[in-house]
Amino acid sequence: MQSANLLQRLVLPAPTTPEPLLYVRTSGDVRMVDNGAVLEAGGTLSFDTTFGVFAAGRWRRVSHVNDLSVSVRA
């Protein structure tokens with residue numbers, strides 16, 4: 001049986017954040033809301049940003065993870 005362990009939380013900007021691109025890049029029809037984002041058909045979020053990056057290399061160096069999967073609750 002596989003176990004799930006939280007490695008990192010994604011940080012989403014509040015709708016009033018003055019620099020949202022530090023947290024997430026959006027494409028298509030995306031609207032930031034309190035504690036989340038609303039994506040319409042074709043909308044995408046990208047977390048390869050200053051505060052949103054998932055540091056896979058760092059996790060590889062400091063852990064013994066052989067297999068990693070990511071899931072999103074919708």
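The values are calculated or read from the model by the stated rules, or taken from the named source; none is laboratory data. Owing to the predicted nature of the structure, the values given are computational and were not obtained by experimental measurement. Methodologically, a virtual Cβ is constructed for each residue, glycine included, from the backbone with ideal geometry; neighbour enumeration extends over all protein chains shown.
The set of residues in the stretch 27-44 that are among the aliphatic types (A, V, I, L, M) and more than 15 Å from Pro15 (Cβ to Cβ) contains only Ala41. Restricting attention to the stretch 1-32 and to residues that are among the β-branched types (Val, Ile, Thr) and within 25 Å of Trp59 (Cα to Cα), the residue that is modelled with the highest pLDDT turns out to be Val24. When Thr26, Thr49 are checked against the criterion of being surrounded by 12 or more Cβ atoms within 10 Å (Cβ to Cβ) and outside any strand (DSSP E or B), Thr49 stands alone in meeting it. Residues that are closer than 30 Å to His64 by Cβ, in a loop (DSSP other than H, G, I, E, B) and not polar (S, T, N, Q) do occur in the stretch 12-23.
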